[in-house]
Every structure is written in structure tokens, then in C-alpha cells.
Amino acid sequence: MTKETDSREIALDILIEILERSGYSHIILRQALNKYQYLDKPERAFISRIAEGTVEYLLQIDYVIDSFSNTKVKKMKPVIRTILRMSVYQLLYMDRVPDSAVCNEAVKLAVKRKFTGLKGFVNGVLRNISRNKDHLSWPNASVRYSMPDWIVSMWEEAYGKETAVTMMESFLKNKKTTVRCNLARSSKEEIIKSLQGQGVNVTESGISEGVLYLENYDYLEGLAAFNDGLIQVQDLSSVFVGEAAAPKEGDYVIDVCGAPGGKSIHMADKLHGTGMVEVRDLTEYKVSLIKENIDRCGFKNIRTKVQDALVSDQESIEKADIVIADLPCSGLGIIGRKPDIKYRLKQEDLASLASLQREILTVVQSYVKPGGKLVFSTCTINKKENEENVRWFLEHFPFDPMDLTGMLGDQLTADTMKHGYIQLLPGIHPCDGFFLSAFIKR
Ligand SMILES: C[S@@+](CC[C@H](N)C(=O)[O-])C[C@H]1O[C@@H](n2cnc3c(N)ncnc32)[C@H](O)[C@@H]1O
């Protein structure tokens, strides 16, 4: 057994867990990488690339396999179809791996998993694809960008074909890790020095002070700046929530759906040790994730609470200067980081998520003091959950939209900002897809 076969076998098991047993890709991959910490950095990168890439391009890969195999993907044995899927990803997208090696290793894996009788089939399909791969063409945008049809249609209708393509292309591009510096704990310069000292490539976002892009590191947990709580993984779009909320010293903030705590920790950082941020989530487990982050970052002006946002907490009525409502949503804006979302989500889920958001907003708007702010955000690109909910909210509750013009830096402008909201689109804006809105209570 070669080293390559070992890595591919690990990738195979990860993919079976994700594609055949509906595991969440980011969780399964993280667990596997934790388990195989002894592997060297290039091997771990190879495994991640195959696993993430195969999930990302799944619809396109299946189209290719079905074009060259008499047995359709859906009818194949799960192990065999997973071996073929990950091998086709390597053939199409990993130039540095020779095609012959891809085919040979796939055959070895099939044999190792006791499918000796199918080794000719695996070899035949893959060699056929390898011979024809330069002449492939895609029947539509769904196959080209590996995006379910209904999502393509929804975005084309809402934003036009060109923007839909820009977004789908952007999802498939390599993502750097975005982190926000806890500037109340250390200066940006010191943090960059520490990261660079450990060999990390660091670039500044140039849009929001203290937001950095990281590349060329193995493990977040291996970085001193992370362990010392000086940085927090947080996309630029999510940092904008803190910018729009703009807490004043001494403010009391309630974050009603807060795990794992990214936005709340940003608020605590912005309060410079004053005031209090109460971060809530539905379960003990979710709250434990928030606590881990709080402990790591070392802020004292932040506490947690297990609280269902759908149940009114009478003690909070008109107590908060700021309520952060970063609500459960369809997650279509973060497909670039969690590609399985696009296959997991069903069109009919969108309406129920939008109404769940309305139910939560109905409860939590009452926590805002007169003159206080409510910031409502989602990490999705869907008008029902976003713009339509804003319209509905303003019709039903005594709030006015907050003018967001200029609050997110000079480079981010949109006409809608003066009406209190902005839909950020990947590829159009320099961040994940995200929706942000802010209101002031009359
Ligand atoms: C988008 S995430 C929040 C991310 C967080 N704001 C951050 O920046 O790290 C939405 C959260 O809502 C929580 N949630 C879902 N339903 C809830 C409910 N009924 N009450 C409280 N939290 C809920 C989920 O557990 C999830 O952690």
C-alpha cells in the first residue's frame, strides 16, 4: 500500500460519510484531520482538497460519470460511486496528479474494499474519461457550476444571469481564511508579526480595520495568535454586523442566536471592557461552543445563556441597547465554505425558514429599549428571508430603518443602505453572501 493510497482511502471514508450518510462536510473533515494529526502537512492538504473538491463539483462529476458509464451513478454501489467521484475530481481538477496514477489508485482502492470484480469497470470508466476530458462540455449552468437547478433559477430571476454566474464562479474559487483581530487585546501589527513569525501568509482586507486573510498554515489551533485569543475566524461580511451595531461604551447587548459567538465577541471587543454582551443559543451544547471562544479570547464583559429565542424572556423586555438577531437561515451565502448546503437544502425549506425568522423577530424586538437598535442578519441570498422580512418587520413593529451609509467603510456602497439594509453577494462584494439590516426603535 502506497502513501497515496492511504491518503485516498482516508478521503474515501470522509466522502462516504458526507455523501452517503449525510454528514456535514466541515465537521466530518475537521474530525478526520484531528484524527490524522500525525500525517504531514502536504498529505493533509491533499485529503482536504479531494474531499472538499469532490463535494463542491458533485453535480458536474456525476454528469461526467453518467456520460461515460453504462451503469448510472445512482445505481452504483456506494463505495464504487465514491471512488469514481473522487477520482474524476482528480482527473478534472488536480493537474499535478498524473491520470494513470489516479486510475491505478482507484483500482487499488476498489480491490482493497473487496470489489475485485469491479476493478475492470472502475479502470475502464476512468481511462475513458481521462482520454476525453479535454472535450467535455456542459449542458447548462447547473452542471457547469454544480448548483441545483432551482437555486440557479432563483438567482437568475432575482439578480439576472450575469450576476448569478459571478456568484457561482466565486463560490468555486479558493477561499482564504478570514480572521478578525481582537484589537482590545493587542494591536494589529503585533498580531501580524506573531502570525508571520509562524510562517503564515497574511494580507490585510483593506476594508475593515483588523480583518486579515490567512494562507499557508496547517492548523488554526497551532497558531499562537489563535490560542491566545487575539484572532477570531470571522468573514468580513459578519464583521459588518459589529460595524452596523456600533456599540457605545457601557451598552447592554443581547445576541439572541449567538453560537459560536463570532459577532458577540466582536461586540465585546468594541465595548473595550465596558457594558455587557449576553450571548444566547438554543442548547447547552451550542452555548458550550460560545464559552470555549469566550474563554480563549479572555473578555470579561460577555456572558452566556441557554434560551430559546422563540420563547419570550420577560426579564429582557426593553432592556437592551442593541439586539443582535443573526438568525438561522438557508445559508446560501456560504456555499463556498460549506458546499454541501447546496445539496442538502430543499426549495420548500425556504418558506419555513423565513417564517421561523419572523417568529423570532416578533419575540426579540421587544427586548430593544426605545431608541435602541435591532440588527437582523442572515448568511443567505434569498429575498424571502431577507428583503421581504425587512419589509414585513417595518410594517409590524415600531422601528425605523437605520441609515447604514458609510458605516461599512468607503468601499461598500449600495442604494439600499440608506433604507437600512444591504444584500452582499459573493464575487460582487469582497466577502461571503450575507444580508444585513438595522433598525432603531421609536
Ligand atoms: C447563524 S448562526 C449564529 C452565528 C453567530 N451569530 C456567530 O456570529 O457566531 C444561528 C444560530 O441560531 C441558533 N438557533 C436556532 N434556533 C434557535 C432558537 N430557537 N433559539 C436560539 N437560538 C437558535 C443556532 O443554534 C445557531 O447557532
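No value in this document is a laboratory result; all are computed from the given coordinates. Every value quoted in this text rests on a predicted model; they were computed, and no experiment measured them. Note: ideal-geometry Cβ built from the backbone for every residue, glycine included; neighbour counts use all protein chains shown.
Relative to the longest principal Cα axis of the chain, at what angle does helix 349-364 sit, 0 to 90 degrees, rounded to 10? Relative to the chain, helix 349-364 is tipped by roughly 20 degrees. Label separation (residue 133 vs residue 396): 5.2 nm, computed from points 7 Å beyond Cα along the C-beta direction. Applying a DSSP loop filter and a limit of 12 other Cβ atoms within 10 Å to the trypsin sites (Lys or Arg not before Pro) in region 44-109 leaves 72, 96. Once backbone amide H atoms are built at 1.01 Å from N, residue 429 has no partners under 5 Å, excluding neighbours fewer than 5 places away on the same chain. Classification of region 330-373 by its C-alpha gyration tensor yields an oblate form. The axis ratio a/c (a ≥ b ≥ c) is 1.5 or more, and b/c is at least a/b. When you filter the trypsin sites (Lys or Arg not before Pro) in region 294-349 for DSSP loop state and at most 13 other Cβ atoms inside 10 Å of their Cβ, you are left with 300, 346.
Note on 15, 220, 361: ascending count of other Cβ atoms within 10 Å places them as 220, 361, 15, the fewest first.
Given their separation in residues at 0.36 nm each and the Cα-Cα distance between them, residue 284 and residue 355 gain 23.1 nm when the chain is fully extended. Counting only alpha carbon atoms, the long axis of helix 149-159 and the longest principal axis of the chain meet at about 40°.
Note on residue 418 and residue 221: with the Förster distance fixed at 25 Å, the Cβ-Cβ geometry gives a FRET efficiency of about 0.05. Between residue 71 and residue 111, the modelled label-to-label distance comes to 1.8 nm, taking each label 7 Å out from Cα in the direction of the beta carbon.
Within region 114-145, the trypsin sites (Lys or Arg not before Pro) that combine a DSSP coil assignment with at most 10 other C-beta atoms in a 10 angstrom radius are 114. Counted by Cβ distance under 11 Å from residue 319, the other residues give a net charge of -4, where Lys and Arg count +1 and Asp and Glu count -1.
Indicate the gyration tensor shape class of the chain (rounded, prolate or oblate), computed on the Cα atoms with a ≥ b ≥ c the square roots of the eigenvalues: a/c under 1.5 is rounded; otherwise a/b larger than b/c is prolate and the rest oblate. Judged from the Cα gyration tensor, the chain comes out prolate (a/c at least 1.5, a/b above b/c). This ranking places 362, 116 by how few other beta-carbon atoms lie within 10 Å of each, fewest first, which gives 116, 362.
Taking other Cβ atoms within 10 Å as a rough exposure proxy, 238, 87, 48 sort from fewest to most as 48, 238, 87.
Projected label points at residue 347 and residue 48, each 7 Å from Cα along the beta carbon direction, are separated by 3.6 nanometres. Separation of the alpha carbons by more than 24 angstrom is noted, of 74/175; 41/188; 108/176; 133/338; 188/373; 263/300, for 74/175; 41/188; 108/176; 133/338; 188/373.
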